[in-house]
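*Asks:* Take this structure, written in structure tokens, and hold onto it; I'll ask about it next.
Taken together, the values in this text are just the output of simple stated rules run on the coordinates, not laboratory data. All of these numbers come straight from a predicted model, not from anything done at the bench. A quick note on method: Cβ atoms are made from the backbone with ideal geometry, for glycine too, and the neighbour counts reach across all protein chains shown.
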Amino acid sequence: MDVLIKTAFLGVFVFIFWKLGSFLLNYIKLCVKLRNVPQKKAHWLAGHAKEVKDSVTYFKYADDLMKEGNKIYCIWNGPFPLVGVCHPETFQQLNKQALNKSREIDGPYRLIEPWVGEGLLVSGSQKWERNRRLLTPAFHFDILNGYVTVMNDVADIFLNKIYESSQKNGSVDVCLYVCRATLDNMLRCSLSYDGSMQENVEHTYVKAVQKLATIIWHRMTSAPLLFDFVFNLSPSGRDHNKLVKEVHKFTGEIIAKRQKLLADQPDLTKLKRRLDFLDILLTAKDEQGRGLSPQEIQNEVDTFTFEGHDTTASAISYAIYALGQYPEIQEKVYQDVINVADDVDEITQNEMNQFKYLPQFIKEVMRFYSTVPLISRQSSKEVVLDGKTVPPNIRIDINLRAILHNPEIWKCPEVFDPCRFNTERRDSNEIYGFIPFSAGSRNCIGQVFANNEIKIVLAKLVKRYEVLPVKGHKHELLPDIVMRSFTGLPVTLKSR
């Protein structure tokens with residue numbers, strides 16, 4: 001018996017020793033392969049954990065290396081390396097190679113998957129291609145044009161809310177108001193759900209989304225929390241799982257009600273003048289006559305409910321803030337809107353197509369404030385970036401904020417100047433130098449929807465109000481899954 005026990009212990013010891021040896025050998029090989037990729041001095045095991053603690057320090061690290069003229073960089077999160085791209089040329093090189101969304105242990109898409117599942121944001125290869133093809137009709141011009149009236153109604157409610165708050169309190173932090181308005185828009189347009197989101201000041205979904213985004217970024221920069229077992233036992237893991245249940249409950253109830261309605265009225269979609277996103281999700285069929293599974297429907301609704309309101313909310317919030325910060329630019333936006341839409345109450349596609357300076361202003365907001373600061377990819381094969389070889393299955397961050405502020409690409413990148421997007425001044429770098437909606441085949445399917453919403457809100461805003469800055473307010477960027485602000489984005493509104 002003693003011999004059996006000793007043999008068992010010896011076997012366990014040999015197995016553990018072999019696993020540790022294999023891990024260390026692979027780790028050493030990675031270090032050797034990545035030593036030519038620009039990076040700061042790192043601890044042999046902890047990596048850059050002391051220097052890169054959160055999203056703010058992540059982007060500072062990347063900016064430091066970018067400003068030294070580097071087009072790529074490497075960060076070690078403990079023993080896990082990632083490579084970042086901070087120049088349009090390297091992004092172009094990356095985009096031409098076979099890539100998937102990063103699903104490695106430290107990949108953001110693996111970490112967000114419990115929340116949004118394998119929707120278009122996360123899924124890869126054949127599944128992504130099939131679902132993208134099935135969902136594309138939901139973003140046809142005729143469908144999007146049908147949303148314009150809803151967007152105008154939502155904008156009117158939003159403007160009344162922020163003006164009332166500004167008059168009552170002297171100023172208004174627009175962030176939460178914008179989040180509720182864009183969620184209201186998304187739910188009413190894509191899901192035909194009118195839950196009076198802008199009346200519900202304490203809506204749990206909006207708060208849950210923002211908390212989840214912060215937790216995921218914290219997890220990305222903390223090596224121990226990358227392991228599911230450790231994360232689920234931690235306080236942030238328990239909060240995360242509770243919040244995921246909240247958002248799934250909210251969207252699941254919307255889906256269930258529509259499914260029941262369609263079951264009770266099978267011809268409902270044939271009678272509708274316009275199908276919404278959820279109608280198309282529930283009725284779409286591929287070449288084999290197969291529709292989306294219940295889980296796929298849930299995943300896509302969670303993806304679009306989040307992406308369709310939170311990213312747009314960041315852009316609108318910073319746009320309103322920028323109007324107050326740059327009064328001369330605000331006047332140019334106002335004159336552009338008045339020249340096109342002075343005598344109309346509803347901003348239609350006709351007016352949106354005629355705006356000239358407003359689209360330039362919106363692009364500069366997205367560039368200057370980098371409303372989506374980061375996306376990630378990975379390759380199953382080695383890739384070569386800027387002459388450096390990156391091993392397979394490494395997370396590769398496309399650092400949109402760094403690309404949008406790279407002084408090699410943008411003249412005076414820290415100056416807010418919408419005229420840099422004047423069509424007469426465009427250059428060949430714009431396709432990969434300005435990528436707020438990504439680029440290539442995996443660009444954002446909802447970018448026209450988002451741009452329409454942004455234009456309508458801002459056009460109606462400047463027609464009604466002059467936006468003034470709040471004296472003494474110091475803005476601090478908070479990079480998250482979308483860009484936020486540590487100190488809020490307060491403004492004062494004055495009727496025109």
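*Asks:* Among rounded, prolate and oblate, which fits the stretch 225-327 when a ≥ b ≥ c are the square roots of the eigenvalues of its C-alpha gyration tensor, a/c under 1.5 means rounded, and a/b larger than b/c means prolate?
*Replies:* Numbers: a/c = 2.53, a/b = 1.27, b/c = 2.00.
Because a/c hits 1.5 or more and a/b fails to exceed b/c, the stretch 225-327 counts as oblate.
*Asks:* About the Cα centre of the stretch 296-426, how large is the charge dipole given +1 on each Lys and Arg Cβ and -1 on each Asp and Glu Cβ? Please answer in debye to the nearest 20.
*Replies:* With only Lys, Arg, Asp and Glu charged at Cβ, the dipole is about 860 debye.
*Asks:* For S376, S317, S22, what ranking results if the residue with the fewest other Cβ atoms within 10 Å of its Cβ goes first?
*Replies:* Numbers: S376 22, S317 28, S22 10.
Fewest to most other Cβ atoms nearby, the residues stand as S22, S376, S317.
*Asks:* Place +1 on the Cβ of every Lys and Arg and -1 on the Cβ of every Asp and Glu in the chain, take the dipole about the Cα centre, and give the residue among T303, N339, P88 whose Cα lies farthest towards its positive end.
*Replies:* P88
*Asks:* Turning to a different aspect of this structure: To the nearest 10 degrees, how steep is helix 235-264 against the longest Cα principal axis of the chain, on a 0 to 90 scale?
*Replies:* Computed tilt is about 50 degrees.
*Asks:* Continuing with this model, one more query. Just to confirm the number: angle between the C-alpha axis of helix 2-34 and the first principal axis of the chain, 0 to 90 degrees, nearest 10?
*Replies:* Tilt of helix 2-34: around 50 degrees.
*Asks:* Between the stretch 271-319 and the stretch 469-489, how many Å separate their Cα centres?
*Replies:* 30 Å
*Asks:* Ranking V116, V209 by Cβ neighbours within 10 Å, fewest first, what do you get?
*Replies:* Working: V116 27, V209 24.
Lowest count first: V209, V116.
*Asks:* Something else: Using alpha carbons only, what's the Rg to Rh ratio of the stretch 148-268 with Rh from Kirkwood?
*Replies:* 1.08
*Asks:* Neighbouring Cβ atoms within 10 Å as the yardstick, rank S495, S166 fewest first. Before the final figure, lay out each step's value.
*Replies:* Values: S495 8, S166 21.
Least crowded to most crowded, the residues run S495, S166.
*Asks:* Over the chain, what is the relative contact order in whole percent, taking alpha-carbon pairs under 8 Å and six or more residues apart?
*Replies:* Numbers: 684 pairs, mean separation 115.5, N = 496.
It comes to 23 percent, rounded to a whole number.
*Asks:* Using +1 on the beta carbon of Lys and Arg, -1 on that of Asp and Glu, and nothing else charged, what's the dipole of the chain about the Cα centre, debye to 20?
*Replies:* The calculation lands at about 1340 debye.
*Asks:* Just from its helices, what would the mean residue ellipticity at 222 nm be for the chain, if runs of 4 or more DSSP H residues each count -39500 (n - 2.57) and the sum is divided by every residue, rounded to the nearest 500 deg cm²/dmol?
*Replies:* -17500 deg cm²/dmol
*Asks:* While we're looking at this one, here's another question. Which one of A46, G107, T182 is farthest out on the positive end of the charge dipole of the stretch 36-495, using unit charges on Cβ (Lys, Arg +1; Asp, Glu -1) and the Cα centre as origin?
*Replies:* A46
*Asks:* Using the structure shown, select from K161/K356; K161/K455; K211/K260; K127/K257; K40/K388; K71/K388 the pairs with a Cα to Cα distance greater than 21 angstrom. Numbers along the way, then the final one.
*Replies:* On the way: K161/K356 28 Å; K161/K455 19 Å; K211/K260 32 Å; K127/K257 27 Å; K40/K388 16 Å; K71/K388 10 Å.
Among K161/K356; K161/K455; K211/K260; K127/K257; K40/K388; K71/K388, the Cα-Cα distance tops 21 Å for K161/K356; K211/K260; K127/K257.
*Asks:* Let me ask something additional. Quick one: which residues, 5 or more positions from L385 or on another chain, have an amide H under 5 Å from its amide H? H modelled 1.01 Å from N in the peptide plane, none for Pro or chain starts.
*Replies:* Amide H neighbours of L385, under 5 Å, 5+ apart: V390.
*Asks:* Which one of S192, N406, L489 is farthest out on the positive end of the charge dipole of the chain, using unit charges on Cβ (Lys, Arg +1; Asp, Glu -1) and the Cα centre as origin?
*Replies:* Result: N406, furthest along the dipole toward the positive end.
*Asks:* Enter the angle in degrees (range 0 to 90, nearest 10) between the Cα long axis of helix 204-220 and the first principal axis of the Cα atoms of the chain, meaning the one along which they spread out most.
*Replies:* The helix 204-220 is inclined about 30 degrees to the chain.
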